[in-house]
Amino acid sequence: MTIEEAANKLGMSKQSLRLWIISGKCPFGIATKKYTRWNYKIFTNRLEAFLNADDMKKSATGSEGSALSD
């Protein structure tokens, strides 16, 4: 997936996404630098999980896919 495609899905600018990835805090992408050029890798499955808030669903329910009951 390209930076442009991911930025569109996230509703953010390409440059903002690049900076987030370079910061090392982006959960679905990595950046590597060779000489003066940055290269980016977006992990599509991690991006989709981020967009679906899968990690939040797991922490809210205590396990994947089950709902809390009172």
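We did not get these values from a lab; they are worked out from the coordinates using the rules stated. This structure is a prediction, so every number in the text was calculated from the model and none was measured. Glycine gets a Cβ as well: all are built from the backbone with ideal geometry, and neighbour counts include every protein chain shown.
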Problem set entry | Low-density loop cleavage sites - trypsin sites (Lys or Arg not before Pro) in segment 1-31, where at most 14 other Cβ are within 10 Å (DSSP) | LYS25
Exercise. Separation between the MET1 and LYS25 pseudo-spin-labels, each 7 Å from Cα along Cα→Cβ, expressed in nm?
Worked result: 2.0 nm
Seminar exercise, completed: Quick calc: nm separation of the 7 Å Cα→Cβ label points for LYS58 and SER13 -> 3.3 nm
